[in-house]
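Shown next, in structure tokens, is the structure this report addresses.
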Amino acid sequence: MGYVDEVLDLVSKRDASQPEFIQAVTEVLNSLRPVVEKNEELYRKNAILERITEPDRQIMFRVPWVDDNGQVQVNRGFRVQFNNAIGPYKGGLRLHPSVNLGIIKFLGFEQIFKNSLTTLPIGGGKGGSDFNPKGKSDREIMAFCQSFMTELAKYIGADIDVPAGDIGTGAREIGFMFGQYKRIKNLYEGVLTGKGLTYGGSLARTQATGYGLLYLTEELIKCHSDNIAGKTVAVSGSGNVAIYAIEKAQQLGAKVVTCSDSTGWIYDESGIDVELLKEVKEVKRARLTEYAAAKPSAQYFEKKNGEHGVWQYKVDVALPCATQNELDLEDAKALVANGVKYVCEGANMPTTIDATEYFQANGVCFVGGKAANAGGVATSALEMSQNSERLSWTFEEVDSKLKKIMVGIYHNIDEAAKEYGMEGNYVAGANIAGFKKVVEAMLAQGVC
């Protein structure tokens, strides 16, 4: 049994109750086989794969808070600090009922490679809670966030671990958490990113993941002697990533015809109205039924099991921007049958492994989230730089740096794939490019 298979077997047995984490590790290690085989003796002697698949620490804690009826509620909080070989731990805080240790570990593991690809000095981590912010009052959100940060504050800091937002954690939640950190620590430092502009946040951070996804997608298409202008695009999700992916795609001349939320999806043949979508989802925090009611050309479909949702339409580009494993093999077959040419992930691991393989086998240019959605964490790192310098850059400055990073990521993963005889396999290219930088740092720092 080779080294990769030994470690995959170890992880599968040790973490059998964490399917998402096993899925992420399997996808990464399988694509790293050429690199590992070339350096097997060195990597095995230094237990590189065992060390990179085991977090530095896994923190789990109780989060008690009081709701508006005076009832004490209890949630579970997590922070997984995975690898800090190239910089402080960096990764978002997800607030969603589905959150458990396995979800946070898979996200933290992916974050190691994603952060490495940005070329910025940030390591991999992730955190969150099974708290559901939907339907909660601002006072309840504040009560939860303050309790959550009271415990989390023991483990983070500007040069230790810098969390950010993720699903369920927006500017409101970050603000409440920052206020509590400052109160407890008596420190005003860049310990969180995604902050409001009045207290250390960065311009373009809100748009960063969606915009970055399109900058990479545009470069991918351009390097295949094609043009994004005039393309028809399917987007899933209607949160922060999806909204700004739609906005940037349409600024670049594409037409986006879909978006979705947890209850259903919109098909709008005339193109999604971004300003209306922002009003419904960001201002009113309402369902997409309100979008359909306000726009005659839009059709709303309620989500049902077994349906392809946003993936059933004839499009050139697909951008999954909602959540993990939302695009399965049957969805991939539907997209290929309808002529999709490019698929780039805006969410974390939204495509199942068999769907990814089907895209690759059928000539679709597929870029995984570690590369394609790195714009958010890249801009978070730029926010850290601004905080350290006590400066605030213009939107144009940040956006220009973001575009340069995302174009650089595409060429980096393209070259890594070619170097190991896998031209066009951008999943392997991303894993290889991210892995090599982290491993070089790990070897240089000894056993730690």
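The values are calculated or read from the model by the stated rules, or taken from the named source; none is laboratory data. Please read all numbers here as calculations on a predicted model, not as lab measurements. FYI the Cβ positions are ideal-geometry reconstructions off the backbone, even for glycines, and counts take in every protein chain you see.
Screening the stretch 79-93 for residues that are in contact with a helix residue (DSSP H, G or I) (Cβ under 7 Å, 6 or more places away or on another chain) and buried (at least 24 other Cβ atoms within 10 Å of the Cβ) and picking the one that is nearest to Q146 (Cα to Cα) gives R79. The numbered conditions (1) surrounded by 15 or more Cβ atoms within 10 Å (Cβ to Cβ); (2) assigned to a helix (DSSP H, G or I); (3) out of contact with any Ser or Thr (no Cβ under 7 Å at 6 or more places or on another chain) are all true for K13 except (1). Filtering the stretch 222-236 to residues that are out of contact with any strand residue (DSSP E or B) (no Cβ under 6 Å at 6 or more places or on another chain) and either in a loop (DSSP other than H, G, I, E, B) or closer than 14 Å to A318 by Cα (or both) leaves C223, H224, S225, D226, N227, I228, A229, G230. Residue count for the stretch 361-401 satisfying the condition of being within 26 Å of Y342 (Cβ to Cβ), in contact with a Gly (Cβ under 8 Å, 6 or more places away or on another chain) and not small (G, A, S): 5. Here D166 passes the criteria (1) more than 29 Å from A416 (Cβ to Cβ); (2) modelled with pLDDT under 95; (3) not aliphatic (A, V, I, L, M) except the one numbered (1). The residue of the stretch 37-73 that is farthest from G87 (Cα to Cα), among those that are touching a Phe, Trp or Tyr at 6+ places or on another chain (Cβ under 6 Å) and part of a helix (DSSP H, G or I), is E40.
Within this structure, A286 fails the test of being in a helix (DSSP H, G or I), without any contact (Cβ under 8 Å) to a residue 12 or more places away in the chain and farther than 25 Å from A334 by Cβ. The listed residues are I104, I112, I141, I122, and the only one of them that is more than 19 Å from V28 (Cα to Cα) and in contact with a strand residue (DSSP E or B) (Cβ under 8 Å, 6 or more places away or on another chain) turns out to be I122.
Close Cβ contacts (under 8 Å, 6 or more residues apart or on different chains) running from residues in the stretch 140-158 that are over 17 Å from Q58 (Cα atoms) to residues that are of a type in the set (D, E) comprise E140/D67; E140/D68; I141/E173; A143/D67; C145/E173; A158/E189. Only one entry in N132, N115, N100 is surrounded by fewer than 24 Cβ atoms within 10 Å (Cβ to Cβ) and within 22 Å of E54 (Cβ to Cβ), namely N100. Just so you know, in the stretch 235-263 the residues that are surrounded by fewer than 21 Cβ atoms within 10 Å (Cβ to Cβ) and either acidic (D, E) or modelled with pLDDT under 95 (or both) include one that is nearest to I167 (Cα to Cα), and it is S262. Among the candidates Y300, Y313, Y291, which residue alone is surrounded by 23 or more Cβ atoms within 10 Å (Cβ to Cβ) and over 30 Å from F21 (Cβ atoms)? Unique residue meeting the criteria: Y291.
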